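Okay, so here's the structure we're looking at.
The values are calculated or read from the model by the stated rules, or taken from the named source; none is laboratory data. As the structure is a computational prediction, the values presented were derived from the model and not from experiment. Cβ sites come from the backbone with ideal geometry, for glycine too, and all protein chains shown count toward neighbours.
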Amino acid sequence: MAEQILILDFGSQYTQLIARRVRELNVYCEIHPFNNPPELTDDIKGVILSGSPCSVRQEDAPDVDLENYSGKVPVLGVCYGAQLMAQKNGGNVLPSNIREYGRAKLSKVDQHNDLMKEISIDSQVWMSHADTIAELPDAYELIASTASVRVAAFKKKGEDTYGIQFHPEVTHSLEGKTILRNFVVHICGCAQDWTPDIFVETTVAGLKAQLGDDKVVMGLSGGVDSSVAATLIHHAIGKNLHCIFVDNGLLRKNEFEDVLHSYKDMGLNVKGVDAREQFYEALKGLTDPEDKRKAIGRVFIEVFDAEAHKIQNVKWLGQGTIYPDVIESVSVKGPSATIKSHHNVGGLPDFMKLKVVEPLNTLFKDEVRLVGKTLEIHQNILGRHPFPGPGLGIRILGDITPEKVHILQEVDHIFINGLKKAGLYDDVWQAGAILLPIQSVGVMGDERTYERVVSLRAVTSVDGMTADWCHLPYEFLADVSNEIINTVKGVNRVVYDISSKPPATIEWE
Ligand code: XMP
């Protein structure tokens with residue numbers, strides 16, 4: 001493995017952001033829980049201690065043996081990490097009696113210090129802490145202050161051990177990236193050579209060594225992650241990768257054919273399986289969202305398993321798991337780490353007893369896209385909005401019938417195509433249509449109608465955890481609404497969802 005930065009996580013909401021920023025500098029890094037750190041090896045060029053929702057003064061405060069790192073490699077403590085460092089070395093951390101939250105400006109900066117090089121005297125930083133370092137340990141020197149926080153940044157004399165009480169990883173710390181660059185590049189000496197090209201090269205070589213002549217089976221969803229993961233494995237083992245793409249009858253209009261075509265174009269050894277009837281049969285009469293999800297998950301496993309068994313001597317199961325799934329799986333609370341069942345793979349069958357290969361499990365979503373670009377995966381797959389595993393099954397409120405699926409496919413197609421034609425598709429994080437379980441009165445010609453209502457939903461988001469509704473142009477919405485009502489039989493009313501998440505969610509079910 002190439003050189004890396006180790007990030008010890010004390011549970012801060014910003015820990016992933018530290019990793020993102022370091023990787024934006026083309027330096028590989030990994031997040032590990034503070035209570036289960038890896039051994040310090042030659043690859044680890046520096047350690048960053050994250051923030052935490054805890055206080056260093058509380059009885060069971062998260063702790064780490066700093067002696068393992070300090071003086072051996074450069075260490076940077078951020079917020080809680082800095083307070084822990086100060087307290088353990090004889091400093092004093094007290095509850096803060098002034099507000100230390102939000103934007104602040106540095107007032108003193110030691111620009112000769114390696115960490116603070118090129119940082120302006122009045123640089124804006126982001127504070128977020130309830131405790132504050134009242135006194136530094138003797139062996140430490142101050143390298144930055146704000147008007148209200150004297151110990152904004154410090155260094156241990158004669159050692160590359162640093163602490164900062166603000167958060168360089170958030171964008172409100174305007175020169176935060178420079179501080180992280182100073183640490184990672186100038187202090188730790190990382191070469192900034194971790195790029196998508198290098199990732200592809202080393203991953204493919206690694207997969208070749210790991211898989212040899214073994215066969216791998218993998219379910220594809222048409223989404224970015226599984227497509228990029230499959231392409232990497234394909235580069236390594238070619239036809240020994242057997243992909244399965246299931247039509248669950250809940251995909252978008254023409255999606256099965258289009259995506260299958262793209263996969264074949266990419267040279268993937270892929271089998272399309274039409275299992276629509278099996279899914280519709282299992283969903284008959286189900287109205288509860290979780291019951292529907294479970295039924296869809298169960299039938300997927302049955303279909304996938306039956307197909308996988310047709311391939312002789314399969315040893316591995318390929319998965320498109322990405323890094324956030326991995327780090328969210330590992331709780332920092334204790335060694336009894338809880339493992340989250342992965343979103344899209346919904347508990348694949350244990351009885352298949354396959355070893356798992358997950359070539360993307362160290363990458364964030366945007367890094368997956370960059371790798372996809374390097375692999376020249378078509379933009380119609382890479383640029384795709386997220387689409388839930390249960391598909392239209394959770395966008396048809398109430399029970400599911402093939403007729404309802406057909407109506408929703410037509411509506412969704414008009415909306416999504418409209419976004420593409422208007423050049424709005426890439427500005428939207430996710431969009432789709434929802435078929436409501438109600439009918440409303442309308443009038444067409446001289447006739448009174450009593451037909452279905454659909455809702456359109458389009459959101460902006462970074463990661464789906466929070467989202468805002470898109471302020472799409474009225475003209476655009478008017479055109480889409482007209483086209484839907486005029487061409488989709490059975491729909492006489494279109495509404496637009498203007499709820500943000502939280503308190504609403506992106507999907508309606
Ligand atoms: P919510 O509705 O929770 O959605 O705001 C957040 C993101 O997750 C997707 N989603 C799912 N994806 N299986 C999936 O694979 C599911 O059951 C599921 N439910 C929601 C949703 O489309 C959005 O991108």
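Of the numbered criteria (1) among the hydrophobic types (A, V, I, L, M, F, W, C); (2) closer than 15 Å to residue 183 by Cα; (3) not in a strand (DSSP E or B), the one residue 48 fails is (3). Can you find a residue that is closer than 15 Å to residue 507 by Cβ, within 16 Å of the ligand (Cβ to nearest atom), in contact (Cβ under 8 Å) with a residue 24 or more places away in the chain and part of a loop (DSSP other than H, G, I, E, B) anywhere in region 397-405? Yes, that holds for at least one residue.
Every condition in (1) among the hydrophobic types (A, V, I, L, M, F, W, C); (2) within 16 Å of the ligand (Cβ to nearest atom); (3) surrounded by fewer than 20 Cβ atoms within 10 Å (Cβ to Cβ) holds for residue 311 except the one numbered (2).
Checking the structure you have, find out if any residue of region 445-455 is crowded, with 17+ Cβ neighbours inside 10 Å, within 28 Å of residue 225 (Cβ to Cβ) and among the acidic types (Asp, Glu). No, the conditions are met nowhere in region 445-455. Of all residues in region 18-27, those satisfying the criterion of being surrounded by fewer than 20 Cβ atoms within 10 Å (Cβ to Cβ) and assigned to a loop (DSSP other than H, G, I, E, B) are 25, 26.
Reported count of residues in region 406-449, each being in a helix (DSSP H, G or I), of a type in the set (A, V, I, L, M, F, W, C) and within 26 Å of the chain's Cα centre (by Cα), is 3.
Can you confirm whether residue 36 is under 30 Å from residue 197 (Cβ atoms), under 28 Å from the mean Cα position of the chain (by Cα) and surrounded by fewer than 22 Cβ atoms within 10 Å (Cβ to Cβ)? No. When 416, 484 are checked against the criterion of being surrounded by 15 or more Cβ atoms within 10 Å (Cβ to Cβ) and within 30 Å of residue 328 (Cβ to Cβ), 416 stands alone in meeting it.
Residue 388 - would you say it is at negative phi and either modelled with pLDDT under 95 or part of a loop (DSSP other than H, G, I, E, B) (or both)? Yes: the conditions hold for residue 388.
Those strands (runs of 3 or more DSSP E) of region 68-131 in which at least 1 residues are free of Cβ contacts under 8 Å to residues at least 60 places away in the same chain and more than 23 Å from residue 35 (Cβ to Cβ), considering only elements entirely within it, cover 92-95, 101-109, 124-128.
Look at region 270-284: where a residue is within 26 Å of residue 230 (Cα to Cα) and a partner is charged (D, E, K, R), sitting 6+ places away or on another chain with Cβ atoms under 7 Å, you get 270/264; 271/307; 272/247; 273/247; 273/307; 274/247; 275/247; 276/247.
Among the residues of region 233-274, those identified as over 27 Å from residue 408 (Cα atoms) and touching a strand residue (DSSP E or B) at 6+ places or on another chain (Cβ under 8 Å) are 233, 234, 237, 240, 241, 242, 243, 264, 268, 269, 270. Note on region 467-509: among residues that are assigned to a strand (DSSP E or B) and more than 30 Å from residue 294 (Cβ to Cβ), the one that is nearest to the ligand (Cβ to nearest atom) is 468.
When only residues in region 150-181 that are among the small types (Gly, Ala, Ser) and within 29 Å of the chain's Cα centre (by Cα) count, which is surrounded by the most Cβ atoms within 10 Å (Cβ to Cβ)? Only one residue fits best here, namely 163. If you go through region 406-425 and keep only what is charged (D, E, K, R) and within 16 Å of the ligand (Cβ to nearest atom), you end up with just 412. Evaluated against (1) surrounded by 17 or more Cβ atoms within 10 Å (Cβ to Cβ); (2) within 16 Å of the ligand (Cβ to nearest atom), residue 291 falls short on exactly one condition, (1).
Out of region 349-396, which residues are of a type in the set (Gly, Ala, Ser) and either free of Cβ contacts under 8 Å to residues at least 12 places away in the same chain or buried (at least 17 other Cβ atoms within 10 Å of the Cβ) (or both)? Show your work before the answer.
If we filter region 349-396 for residues that are of a type in the set (Gly, Ala, Ser), which is where we start, we get 372, 383, 389, 391, 393.
If the condition is that a residue be of a type in the set (Gly, Ala, Ser) and either free of Cβ contacts under 8 Å to residues at least 12 places away in the same chain or buried (at least 17 other Cβ atoms within 10 Å of the Cβ) (or both), then 372, 389, 391, 393 are the ones that fit.
Looking only at region 440-466, residues that are out of contact with any strand residue (DSSP E or B) (no Cβ under 8 Å at 6 or more places or on another chain), touching a residue at least 12 places away in the same chain (Cβ under 8 Å) and more than 16 Å from the ligand (Cβ to nearest atom) come to 0 in all. Would a scan of region 189-204 turn up a residue that is more than 30 Å from residue 113 (Cβ to Cβ) and part of a loop (DSSP other than H, G, I, E, B)? No.
Matching residues to (1) more than 19 Å from residue 46 (Cα to Cα); (2) assigned by TED's automatic domain parsing to the domain that holds residue 33; (3) among the polar types (S, T, N, Q):
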position: 64; (1), (2), (3): no, yes, no
position: 104; (1), (2), (3): yes, yes, no
position: 146; (1), (2), (3): yes, yes, yes
position: 178; (1), (2), (3): no, yes, yes
